[in-house]
Amino acid sequence: MGGSTTDVNSLIKHPVAKGFALAGAGIILLVVMLAGVLYGYHTFSLAQLQDALYRFDGTNEHLIIRTVRIPAVLIGAAVGASLAIAGAMMQVLTRNPLASPSVLGVNAGAVLFIVVVVTMTSWDLDLAGMIWVAFAGAAVSSLLVILLGAAGRGGFRPVRMTLAGTAFAAFGSSITSGLMLLNNASLDELLFWMVGSVTGRKLDSLLELLPYLAIGWCMAMLLGRSLNIMAMDDDVAKGLGQWAFAAKGLTLIAIVLLAGGSVALAGPIAFVGLMVPHICRYLIGNNHFWLLPFCALSGATLLVAADTASRFLLMPRSVPVGVTTALLGVPFLIYLARRRSE
């Protein structure tokens, strides 16, 4: 598995070296998560962290660690891993290196559902209610885009699905903007969530959606060989015994679970699903047996590190992590586009 010819252009080629790289990525993630708990406007020591975990006394420091920092770090790691895996799978499925989970209309559908519920119904949604509405919107919009991509002659076509996702995202954004203009009272309530943030979310929200994310993670890892074959053209895949329709269907389900759950938890955080797979392919190669775990660890590290850095941008105010990932992602997207045009 580790000696695939798809890895000849990667920086790390030998399977043993890849194993060490994967272990190193795990250690780096743990260090970044620890820094995410300790550093920010309020800085804590390891002793304070230990006291907050094992000798909680209700002081302000202990409350911040247990109810703000630890949930933010765990949610950031789960969302970052999920977005990175979903992005890697999406780029294979659509055969588009610039694809990310938003191609399926996940972000647009989640935001649209929340805005419709808040502005046009009398439901008094708390954060937990918003999360489930967002998850439903992400799933419904993704399935709609998939159906549009499979409609017509020739069945499922990656390009057709990409166009359908782009069109739905534009449509959803237009409707969302119109509804928010008509109901200014909802703007402050929704704006922070719409930008994308892991701060202010509760650990209970992660625990509620964790089974869906875990199923998506497991499906992705089990689809590693299928994704390697899917990266080839359909005729080659069929010649190798790949049932293309089933493999693509399972891949889509995993993407919906991962991207939908991530948007529901943290809002539409962009560019993680675009940047991380490209960086990981450069380091570890195209063999998804190695690529997907490396994407998971790297995506988690990136988002936790970006959230920690966002606390220092406009201190004492905390900047939503979606702003920080956009600052990193836009130059990266321009670089990719320029490199492909040369």
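Observations
- Residues that are small (Gly, Ala, Ser) and in a helix (DSSP H, G or I), drawn from segment 261-281: Gly261, Ser262, Ala264, Ala266, Gly273
- Number of residues in segment 289-319 that are modelled with pLDDT of 90 or more, of a type outside the set (S, T, N, Q) and touching a helix residue (DSSP H, G or I) at 6+ places or on another chain (Cβ under 8 Å): the value is 18.
- Output for segment 76-103, where each listed residue is over 11 Å from the mean Cα position of the chain (by Cα) and within 22 Å of Leu206 (Cβ to Cβ): Met89
- Residue check, Thr301 of a type in the set (S, T, N, Q), over 16 Å from Leu227 (Cβ atoms) and surrounded by 24 or more Cβ atoms within 10 Å (Cβ to Cβ): yes
- Of all residues making up segment 261-287, the number that are among the hydrophobic types (A, V, I, L, M, F, W, C) and in contact with an Asp or Glu (Cβ under 8 Å, 6 or more places away or on another chain): 1
- Selection status of Arg201, at pLDDT 75 or above, in a loop (DSSP other than H, G, I, E, B) and within 24 Å of the chain's Cα centre (by Cα): yes
- Close pairs (7 angstrom Cβ cut-off, 6 or more residues apart or separate chains): aliphatic (A, V, I, L, M) and surrounded by fewer than 16 Cβ atoms within 10 Å (Cβ to Cβ) in segment 1-28, assigned to a loop (DSSP other than H, G, I, E, B) and modelled with pLDDT under 95 anywhere: Met1/Asn287
- Checking each residue in segment 316-342 for being loosely packed, with under 11 Cβ neighbours inside 10 Å and not in a helix (DSSP H, G or I) picks out Pro316, Arg317, Glu342.
- Only one of the numbered conditions (1) over 28 Å from Gly109 (Cα atoms); (2) without any contact (Cβ under 8 Å) to a residue 24 or more places away in the chain; (3) in contact with an Asp or Glu (Cβ under 9 Å, 6 or more places away or on another chain) is violated by Trp290, and that is (2).
The values are calculated or read from the model by the stated rules, or taken from the named source; none is laboratory data. Because the structure is a prediction, the values reported are computed rather than measured. Because the Cβ atoms are built from the backbone with ideal geometry, glycine has one as well, and the counts that use them run over all protein chains shown.
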